[in-house]
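Below is a structure I'd like to ask you about.
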Amino acid sequence: MFKVQELREIIKLVDNSSIDEFVYENDGAKIKLKKNNGVITEIVAPKKEEAVAAPAVEQAPVQETQSVQVQKAAEPVVEEKAAPVVADASLHKVTSPMVGTFYQAPSPDAAPYVKVGDKVGEETIVCIVEAMKLFNEIEAEIKGEIVEVLVKDGQLVEYGQPLFLVKPE
């Protein structure tokens, strides 16, 4: 059976991705998530008779909590990304070459690779994107100054998603 924390993590990952429907089965339990207009619906249907009562209790609170968080999280991200891009079209976007988890630093206790105001070269490492337990260093690709970091540390990123805005020199 799924733990509440596992369900929340799965919902968060599906919400931050571009997929509209997700189905997962494990040990006789099935989870199905669908995204419709920013709201995630969740159905847990175990095959074992003795496990029927537990998911029904966990399902409702998780669904309500996650739906509220999804709506709150979606609004600021759109505003943060939209404003700078429209303001200056001359800014270069450093994009993610893959789907994965964005990290600003090589380890949790280390300083970030770059921050707003830092000068970068074409081969300057600006972040790491983790995909399938492989940590891929992402380079700036352009000489310039970091104007904005568009994603938060530990956030799931998509292929082609802008990560940084750089003012070219």
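The values are calculated or read from the model by the stated rules, or taken from the named source; none is laboratory data. Every value quoted in this text rests on a predicted model; they were computed, and no experiment measured them. Cβ placement follows ideal geometry from the backbone for every residue including glycine, while neighbour counts extend to all protein chains displayed. Just so you know, the surface numbers come from the protein's heavy atoms only, side chains and all, with ligands and any DNA or RNA stripped out. Shrake-Rupley method; radii C 1.70, N 1.55, O 1.52, S 1.80 Å.
Rounded to the nearest whole Å², what accessible area per residue is found for region 94-169 with the 1.4 Å probe?
55
A further question on this structure: Within region 113-169, which trypsin sites (Lys or Arg not before Pro) sit in a loop by DSSP and count at most 14 neighbouring Cβ atoms inside 10 Å?
Numbers: sites: LYS115, LYS119, LYS133, LYS143, LYS152; in loops: LYS115, LYS133, LYS143, LYS152.
Here the sparse-neighbourhood loop sites are LYS115, LYS133, LYS152.
Next question, about the same structure. Any of LYS119/LYS152; LYS133/LYS167; LYS3/LYS30; LYS93/LYS119; LYS12/LYS133 with alpha carbons more than 22 Å apart? Name them for me.
In this structure, LYS133/LYS167 lie more than 22 Å apart at Cα.
Using 0.36 nm per residue, how much length does the chain from ASP109 to GLU139 gain when fully extended, once their Cα-Cα distance is taken away? If you can, show how the numbers build up before the last one.
Values: separation 30, 0.36 × 30 = 10.80 nm, distance 2.11 nm.
Separation in residues times 0.36 nm, less the Cα-Cα distance, equals 8.7 nm.
So, counting K/R as plus one and D/E as minus one, what does the shell of residues with Cβ under 14 Å around SER17 add up to?
Net charge around SER17: -2.
What FRET efficiency would be calculated for the residue pair ASP27, MET98, taking the C-beta separation as r and a Förster radius of 22 Å, to the nearest 0.05?
Computed FRET efficiency for ASP27 and MET98 comes out at 0.15.
Would you mind checking which residues have amide H under 5 Å from VAL126's amide H? H placed 1.01 Å from N; only 5 or more apart, or other chain.
Amide H neighbours of VAL126, under 5 Å, 5+ apart: ILE138, GLU139, ALA140.
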